[in-house]
Structures are given as C-alpha cells and as structure tokens.
Amino acid sequence: MKKEDYSGVFVFIEQKDQKIQNVSIELLGKAQELAKDLGQEVTAVLVGHNVEHVERLGHYGADNILYANQKDLNIFMTEPYTKVLAEVIDNKKPEIFLFGATAIGRDLAPKLAGRVFTGLTADCTSLEISAENRDFLMTRPAFGGNIMATIICPDHRPQMATVRPGVMKKSEIDTTRNIEIESIDVQINPEDKIYEILEVVNEKTEKMDIQEANVLISGGRGVGNPENFVKLNELAHELGGIVSSSRAAVDIGWMPKEVQVGQTGKTVRPNLYIACGISGAIQHLAGMEESEFIVAINKDETAPIFEVADVGIVGDLNKIIPALIDELRLAKEAKNQ
Amino acid sequence: MKIVVCIKQVPDTNEVRLDPITGTLIRQGVPSIINPDDKSGLEAALTLKDKHGAHVTVLTMGPPQADLALREALAMGADEAILLTDKAFAGADTWATSLTLAKALEKIEYDLIITGRQAIDGDTAQVGPEIAEHLKLPHVSYAKDIQKEEDSLVIKRMFEEGYHLISVKMPCLITALSEMNSPRYMNVGGVFDAYRKKEVKIISIADLNINKDEIGLKGSPTKVKKSYTKGAKTAGKLYKDLDEKEAAKKIVEKLQEKFII
C-alpha cells in the first residue's frame, strides 16, 4: 500500500426506508472541513435502492456522489454492503472514510476495516487534521467517558472513524450545488446474502429503562403536582430521553417506583440529567452524580443539587420548562435549515 | 453443537472514580468483572446448551489475572476455558486483537462463536465483526435473542428503532447485547469444579500460526497519540437572576457547547 495513492474524504451515507439519515448529513459537514484542510474533495457514498432526495448530498457538502442503486441493496445487510464499500475503497482509494456510529455503522465499519486491513476508531467526538504532519486526529472517550484518547492511523489507508449522531454539525444548505451522481455497479450474488432477513419490525423504542436512557428529565416534589409531569415528558421527548423521578415524587404517588433515581432506586449515568424541583438529598445524589452533564432547576438557591450541577438555574421550573421546550425547537429548526 | 464464547475481563467502570486533585483514574481496588455483554453471550450459550445440548468453551485474551474471569465462566457452567496470554499480545488495537483471537479460534472446533457487542472499557463494538471477517464467517451483531432451528439460528437483531429477525446458517458469529438475558450465578458445585476439576488451558504466541509483527502494539493499525482525563467534577455555574426565557436560552447554549444537542 502506498499512502500517497490515497486521497479524498469519503462519507458512508446511511439510508433507512429510502430516507437519508441525519447523521450522514452531519458527517458531510465535518468532511467538508477536513477536506478543506487537506486540499481534497468530499465524496458521499450511498448504498440503497430508489433513495429519496439524493441531490441533498450535494447541497450539504458532497463534491462527488457515488451511488450503488440496486434492489438487492434496499435494506441493510452486512455482507452486500461490505462488498460494495470494499470495491469503492479498492477503486477510489480514499484517504479518510467516515461512518455514523449507529447500529448499522458500528456493524459495517469494523467488517470493512477487517477486510481492507486498516484501523478504525469508534464513536469519535472530535476529528481534525494535524497542522504539523497532516495526520488524521481522531479523539474519543473511553472508560465510560472518564478518559479521552486521541488516536491516529499512521500507516494504513483509508483512515476510518465512526461518529455518533448529533456530534457533528451540518453545514449550511446550498441548493445551487448540483452534483452529478456517479453510479457504482457491484454485482451482488445470491451467495453474498450470507443471512436471510425473515422479518423487519419498525417500532419506536420499547419502554426504556431509566438506566439505559442517554437523557433523563427527573422530577421531584418541586414539580408541584402529577399534571405538571406532562411538561417534563414533553421536554424528554424533545431531547430523546425519558422521565425519571426522586424518591419524594414516588412516595407521594406521582411516579412509579421503577423510575426512581437514588440509593433506594436506581443508579443512573446518562449523558444529560436535568433535575427539576429536586433538592438533592444525599441518597438522590448517590444515584445520579456520575451523570455526564447535570442541569438543575430549583427555586431554592441553597438546594444541595446545585453542588453537583454543571448548570444551576434558580427559578420556577413550571415556567422555565415550557420556555426550554420552545428554545430547543428553535435550535432544532436552526440546525435543520 | 460446539460454541465458543469470547469474553473480556474489564474493570467495573461503575466503580472507577476520578482523583479529585489529579483528575486521574483511581484503578486501585476497582474490581474486575466479566464484561456485561460478554456475560450475557455466555448465558445465551449456556441456555442453548440446556435446551439442545452443547459444548461451551470460553476464550479470553488478557493478562494472567484473566484466569479469574475464566474460572467464573466455568463455575457458571462452561465446559472448557482457554487463556490467550503473552507479552507479544499487549497493546493491541481492535484489529490486532481480533486477529489474535481469530488465530486461536482456527485451532478450536466451533459451530457458533458468540462475543459481546462491546466492552465497557473501550465501547468500540469492533472486535466481534472483525473476528468474523478474519475467519470469513457470516456474523450478526446486536443480538437480543438467539433461537436454534436445526443448522440455523434465528436472531433478533436490534436497531435504534425496531429489529430484523434474521436466519443465519452455522458456522457463524453473533455479538450479544446485555439486554438479552440475566446471566445465571455461579453455583457452589460449579465453583468447586472450576477450581478442582476443570483446567484453564494457556495459549501463547508459540502455539499460534502468527508472526510477532502482525499482533500486539506492532501489528495495530491505530496508535494512541495521547490520552487525557476530562478532570474532576465540581459545582458548575449557578444562575440566580434569569427570567424563564433567559434561563432556557442559557441551558440550550450549554447543551450545544457540550454537543448534547
């Protein structure tokens, strides 16, 4: 392998039900920055069948679009997809290849890295090009987020990385960029379908356990009454999380025991914990203080919860939460534009 | 049926604490456990053994202390245990790790290989699919259920929203989710057997058909350039005089800074 032969920042475009997934659009934004630093181009690699709005890939930053459009590739299967991408790497020799760290990307990327003999860095939170030697610097958390490590892949190409949804930012849409689509022709044989999909079941996640949620909106006695928990639910929905509670809210009967956080409830460590009207008794703190990022909203500025909060807001949660829901919607709209 | 379960001994990251002054990990006194996804993979193998009859081998790569994880697996009901240990294996990334495990697996008979989806210390989810690739085996990852039907397995393969029900012929490799089951406890007889009757077989580089340069740190395509801790937790900023709109804006701004939204 000659490193010099490899050029270009490639992004695997994930599609589900013929729709391009957001994470891939976000990666195109990052790919644009990386390509600029390298003086190279961004190539989107789409695998699927009759995918809607392929032109969006150009609008969001792709300089080239490669599209394997075949009936057999309609739905994700590890081997046919690996075969397509391995041929792309073989023919086009990308310097960098990015994937979403999704249930598809985290299956496909390692299989592919194994096949083409290169390194792969999972769940990166930061990607940059070293100004000093053009190394691709891939930074990721380890040990449950306690340690950050910057990984390089000095002698193998492409340099591969996966990135979780929501980490990178989309670039500004530019509908004047109409990029020609180059089709990829890869023969998919029956023997490439090394397993058979018997059934596809789409469902919004089954009732999630509070210990598995990435985002928890937790309510305590300060929420005031059970009806006010509806707003908490709405906020949780907006952030892709679920509602949990303090022991006080469970003891009064506002919330069921299975969502109780604390020593006598469950220990949680989500990426985001928003404590609403929870004073923060020691037994509650013991169950949540390891959360990655903690926001606390409470009327009482001496509440112990503020001692573990990254952001503390003194105020009326029943006013702040509706305002927060509005702000989040605005932020989301701004991001999607 | 012959099943090999690949397990990893990991520090219980729930117990890992940061030193509030230096901001470094305190590893002393942190218990080692069988990685949760792997342990559920082992439970799935033992369940298949209970239902259909099977010979279950547990395989791990690690330092000599990983013997403890294998003994626990034996006490849960595994029939055989193999420890891949050698200084030459140290410092391996997922590619070199999976190659080493694959080379060991070439020497073992199997119909089914089960690995955990990912380990709690690294969270990469790469070793399972990479082993499958080295062995040219079909694999199905993110399994929440495994049923055997003659020479095939029917797997519930989870996605973010929903699942695929997949039929795959053996031999194959499956990566298991910890949500799949609640692993059984060791029983007293099992613990006795694990230490008195059963043995842990040790395999070193000399036993494998592999070159020293292909594995360990040397054989790893990726290298750690630097690592650092994010620092200890202290109270953040308290905002006392914001109206609700300002407060909401402040929260959104902080969440954006932290890439949470």
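The values are calculated or read from the model by the stated rules, or taken from the named source; none is laboratory data. The shown structure was predicted, so the numbers you read here are calculated from the model rather than taken from an experiment. Note: ideal-geometry Cβ built from the backbone for every residue, glycine included; neighbour counts use all protein chains shown.
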Q: Give me the pairs, please: first residue somewhere in segment A:151-180 and closer than 19 Å to A:Leu137 by Cα, second residue anywhere and among the small types (Gly, Ala, Ser) and in a strand (DSSP E or B), beta-carbon distance under 6 Å, and either six or more positions apart or on two chains.
A: A:Thr162/A:Ala122
**Q.** Set B:Ala73, B:Ala90, B:Ala66, B:Ala104: member being surrounded by fewer than 24 Cβ atoms within 10 Å (Cβ to Cβ) and closer than 15 Å to B:Asn35 by Cβ
**A.** B:Ala66
Q | Any pair with Cβ under 6 angstrom, 6 or more apart, that starts in segment A:275-301 at a residue that is touching a residue at least 40 places away in the same chain (Cβ under 8 Å) and ends at one that is aromatic (Phe, Trp, Tyr) and surrounded by 23 or more Cβ atoms within 10 Å (Cβ to Cβ) | A | A:Met288/A:Tyr273; A:Ser291/A:Tyr273
Q: Examine segment A:156-166 for a residue that is at pLDDT 95 or above, at the interface with chain B (Cβ under 8 Å from one of its Cβ atoms) and under 30 Å from B:Gln9 (Cα atoms), and state whether such a residue exists.
A: yes
Q) With segment B:190-261 as the region, which strands (runs of 3 or more DSSP E) entirely inside it contain at least 2 residues that are modelled with pLDDT under 95 and not aromatic (Phe, Trp, Tyr)? A) B:223-229, B:237-239
Q | Check on B:Ser182, within 14 Å of chain A (Cβ to nearest Cβ) and surrounded by fewer than 18 Cβ atoms within 10 Å (Cβ to Cβ) | A | yes
Q.
So if I check each of A:Leu272, A:Leu216, A:Leu232, which one is away from every other protein chain (no Cβ under 13 Å), buried (at least 21 other Cβ atoms within 10 Å of the Cβ) and not charged (D, E, K, R)?
A. A:Leu232
Q.
Tell me whether segment A:9-21 contains one or more residues that are more than 19 Å from the chain's Cα centre (by Cα) and not acidic (Asp, Glu).
A. yes
(Q) Could you go through segment A:26-35 and let me know if any residue there is modelled with pLDDT under 95 and either assigned to a loop (DSSP other than H, G, I, E, B) or not aromatic (Phe, Trp, Tyr) (or both). (A) yes
Q) Looking at segment A:111-129, which of its residues are modelled with pLDDT of 95 or more and either touching a Leu at 6+ places or on another chain (Cβ under 6 Å) or more than 10 Å from every other protein chain (Cβ to nearest Cβ) (or both)? A) A:Leu112, A:Ala113, A:Leu127, A:Glu128, A:Ile129
Q.
Taking the criterion of being surrounded by fewer than 22 Cβ atoms within 10 Å (Cβ to Cβ) and at pLDDT below 95, would at least one residue in segment A:36-56 satisfy it?
A. no
Q. What number of residues in segment B:9-39 are away from chain A (no Cβ under 14 Å) and modelled with pLDDT of 80 or more?
A. 5
(Q) Looking for something more than 16 Å from B:Ile146 (Cβ to Cβ), in a helix (DSSP H, G or I) and in contact (Cβ under 8 Å) with a residue 60 or more places away in the chain - is there at least one such residue anywhere in segment B:42-63? (A) no
Q | Residues of segment A:296-316 satisfying the condition of being assigned to a helix (DSSP H, G or I), at the interface with chain B (Cβ under 9 Å from one of its Cβ atoms) and surrounded by 22 or more Cβ atoms within 10 Å (Cβ to Cβ) | A | A:Phe306
Q: Say whether the condition of being at the interface with chain B (Cβ under 8 Å from one of its Cβ atoms), in contact with a strand residue (DSSP E or B) (Cβ under 9 Å, 6 or more places away or on another chain), more than 13 Å from B:Lys225 (Cβ to Cβ) and in a loop (DSSP other than H, G, I, E, B) is met by at least one residue in segment A:139-146.
A: yes
Q.
So, in segment B:141-181, exactly how many residues are out of contact with any helix residue (DSSP H, G or I) (no Cβ under 6 Å at 6 or more places or on another chain) and assigned to a strand (DSSP E or B)?
A. 23
